[in-house]
1. Would you pick out the residues in the stretch 487-497 that are surrounded by fewer than 21 Cβ atoms within 10 Å (Cβ to Cβ) and in contact with a Ser or Thr (Cβ under 9 Å, 6 or more places away or on another chain)?
2. Of all residues in the stretch 447-481 being without any contact (Cβ under 8 Å) to a residue 40 or more places away in the chain and open to solvent by less than 40 Å² (accessible area, probe 1.4 Å), which is nearest to residue 407 (Cα to Cα)?
3. Quickly run through the stretch 258-284 and pick out the residues that are touching a residue at least 40 places away in the same chain (Cβ under 8 Å) and farther than 22 Å from residue 194 by Cβ.
4. Select, from 555, 604, the only residue that is surrounded by fewer than 19 Cβ atoms within 10 Å (Cβ to Cβ), free of Cβ contacts under 8 Å to residues at least 12 places away in the same chain and not in a loop (DSSP other than H, G, I, E, B).
5. Taking the criterion of being hydrophobic (A, V, I, L, M, F, W, C) and more than 28 Å from residue 118 (Cβ to Cβ), would at least one residue in the stretch 216-230 satisfy it?
6. From the list 230, 187, pick out the single residue that is surrounded by 15 or more Cβ atoms within 10 Å (Cβ to Cβ), hydroxyl-bearing (Ser, Thr, Tyr) and within 19 Å of residue 275 (Cβ to Cβ).
7. Given the condition modelled with pLDDT of 85 or more, of a type in the set (D, E, K, R) and assigned by the TED database to the domain that holds residue 524, answer yes or no: does some residue in the stretch 645-652 qualify?
Amino acid sequence: RLAALLAALRPVLPLVLGLSLGCSLSLLRASWSQSGGDEQCLGAAGRAGPRAGGARLEAADARPGHEDFRPRIVPYYRDPSKPYKKVLRTRYIQTELGFHERLFVAVLTSKATLNTLAVAVNKTVAHHFPRLLYFTGLRSAKVPHGMVLVAHGDERPIWLMYETMHYIHQHFGSDYDWFYVMQDDTYAQAEQVKALVTHLSINQDVYLGRAEEFIGGDEQARYCHGGFGYLISRSLLLKLHPHLDSCRNEILSVRPDEWLGRCIIDFLGITCISQLQGQHYHTYELAKNTEPEKEEEEEFQAALAVHPVSDMTLMYRLHKHFSRIQLDRAYQEIQDLQMQIRNLTSLTPAGEAGLTWPVGINAPFLPKSRFEVISWDYFTEQHLFSCPDGSPKCELSGASKADVTEIIESALEQLNSRYQPLLRFSKRQLLNGYRRFDPTRGMEYTLDLLLEAVTQKGHSHVLAKRVSLVRPLSKVEIIPMPYVTEATRVQLVLPLTVQDLDFVANFLDMFAMNALDTHDNTLLTLLFIYHPYDAQRVGQVDVFAGVKAMVGELEKRYAEVKIPWISVKTEVPSQVKLMDIVSKKHPVDTLFFLASVWTEINMEFLNRCRMNTISNWQVFFPVHFQEFNPALVYRGEQTASSSTDFLRDGHFDRRSFAEACFYNSDYMTARTKLAADILDRDEVLENMEVFDVFLHYSGLHLFRAVEPGLVQKYALRSCNPRLSEELYHRCVLSNLEGLASRSHLAMALFEQEQANST
């Protein structure tokens, strides 16, 4: 039996022996490591003293598995004897971390050149700089549009320079790293200046420009010529500011740039330089009667600043010339990058098959299912067969027509550049056109062109050719917006007519549930619009008595809430005239939400109203979602409430401008401009809405967007025929489009025809 047992265990004996040996060695090693660690800690304690030994032992105990290694929650304790101080944090993390903007630009101008050279600077390079201000001694009666002007009240050049440097330090000294000062008779290549400051260290005192000798001086110090612009670092500006008053009193000079250079040299010991850290400040001095298009000198092509510019036309010609140079450089860089991509493609796992067209642009989007397929829109030179309103065919006009025209011209230009001088193409007809927007790469086009090809010998031939083009997505730009919060109080304004009485109860219920019960910072003002006949009988029969009773019940239920109302007598309830009455009864900083009786208030939209409306910057006109007529959509099969799909069986009513969010101050400003335009012709107001007031008489951003938070049940609106023809027609179209979709209407007609035939 023993032999049989050994024979059965023989195959597993090596495994058992190996496990036993491994466990034994592991135990021996663990004991050696533990004894060695103890000796090391004791040795360290003996050498370093009790304090070092204690720290070493505490660190040895803090190992995984030990109780002290587990995280512990330390309770907050505040000393009751010390006054409580709330910690205020900055609005932006950039401010808290101490980040600065890169470049601030100051343009020195005068009253005589403000409307000429300064305007030319503003139109050519101002939009390339992140922040640009114009400084002058005396301002003209009318400041050109789009220019931020600072007037110091004195045209003396030295005084203007002193006040400008003081103003820059006071208002922008802690926000920017670099300060570029130029004159209005200087043309500066904005992109080159921005590229220059990105390559310079901000930790140095820098005074960079075109170095010039002082008048009548033989010293080695130099000042930066103001006509060619100069860069000043933030650290230099901070050190210079305490000495500006001394410089103004002690340094005599005729030229402001020389005065500033002498101030920097005398009090800081820093001279003007033309190159720093391998970066050169190239300039070019224009001669009289210079033709920028004919200048071929390398010094002119590489110049960051050109001076003097005598008139506006020369400024625009210089801008066109240097823009062409930058465009050619960009195209050449694109070609070089495409060539590098082609050369490296063969080394990739996909090989040359992975090379996309155009080279360097993202590959087309690959749908994973049929629901993700991006459809193509068909068009010709006259018509578009994918219309915004759902029509099968509409006229090609506006931006779409300009887009198609530009694409055809670009296709012909590319064909001629590729085949000339052997062939020269001219368009006869666009046979077919297709386009689609791919979010991963841009707008794609496919054109079938009927072309006439002419050879060098004059022979012509008509042929059809298909071309593909891509308008790639350009660089994404983040538009800076002012900071707003969701704590702003919203003043809800609800105009009511006699035709709206059936819907008031639902509106007040939704307002109480979503605003009053949640303690949202929202107030309500009712605007009762009486017909003259009803106004005469208000003492006997008040048509709004039921609404006033509902308001009284709400005020009893919510003791802290007061809902005021305003009574107006008119036959034509003009939205602008009604808003004039409400505006005068509220402070200028009031945020209005102009609503309709079919609006269902909810906190989601109220917060978006607060965030999308910015004082002196932007107004918000949401596009509500209008549900279709349930009698046509469901036809007794199901009810709207049983639908599980959100925003189904309805449409966004683009023809309605009844809802709006705006500040009272912005409305009053636009309304003042409107009053000056129409004088005493109040009948013009009957043809306008609040949207028209902001569109034509304010420089604010009009944010018009679909709003899924505003869902309105179907209701047939009453259109007042006393309104203007445009407003009445828009109201009728809104009612018609809100009946049902085309498919629902077609099904209703089909069923009606079936019923009539039987």
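The values are calculated or read from the model by the stated rules, or taken from the named source; none is laboratory data. Computed from a predicted structure; not experimentally measured. Glycine also receives a Cβ, built like all others from the backbone with ideal geometry; neighbour counts cover every protein chain displayed. When the accessible area is computed, the model is the full protein with side chains, heavy atoms only, and any ligands, DNA or RNA have been set aside. Shrake-Rupley method; radii C 1.70, N 1.55, O 1.52, S 1.80 Å.
1. Of everything in the stretch 487-497, those that are surrounded by fewer than 21 Cβ atoms within 10 Å (Cβ to Cβ) and in contact with a Ser or Thr (Cβ under 9 Å, 6 or more places away or on another chain) turn out to be 488, 489, 491, 497.
2. 448
3. Matches in the stretch 258-284: 258, 259, 260, 261, 262, 264, 265, 268, 270, 271.
4. That would be 555, the only listed residue that is surrounded by fewer than 19 Cβ atoms within 10 Å (Cβ to Cβ), free of Cβ contacts under 8 Å to residues at least 12 places away in the same chain and not in a loop (DSSP other than H, G, I, E, B).
5. yes
6. On inspection, the qualifying residue turns out to be 230.
7. Checking the stretch 645-652: not a single residue is modelled with pLDDT of 85 or more, of a type in the set (D, E, K, R) and assigned by the TED database to the domain that holds residue 524.
Yes/no matrix, rows are residues, columns are (1) assigned by the TED database to the domain that holds residue 450; (2) open to solvent by less than 70 Å² (accessible area, probe 1.4 Å); (3) under 30 Å from the mean Cα position of the chain (by Cα):
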| residue | (1), (2), (3) |
| --- | --- |
| 350 | no, yes, no |
| 361 | no, yes, yes |
| 365 | no, no, yes |
| 369 | no, yes, no |
| 372 | no, no, yes |
| 382 | yes, no, no |
| 385 | yes, no, no |
| 388 | yes, no, yes |
| 391 | yes, yes, no |
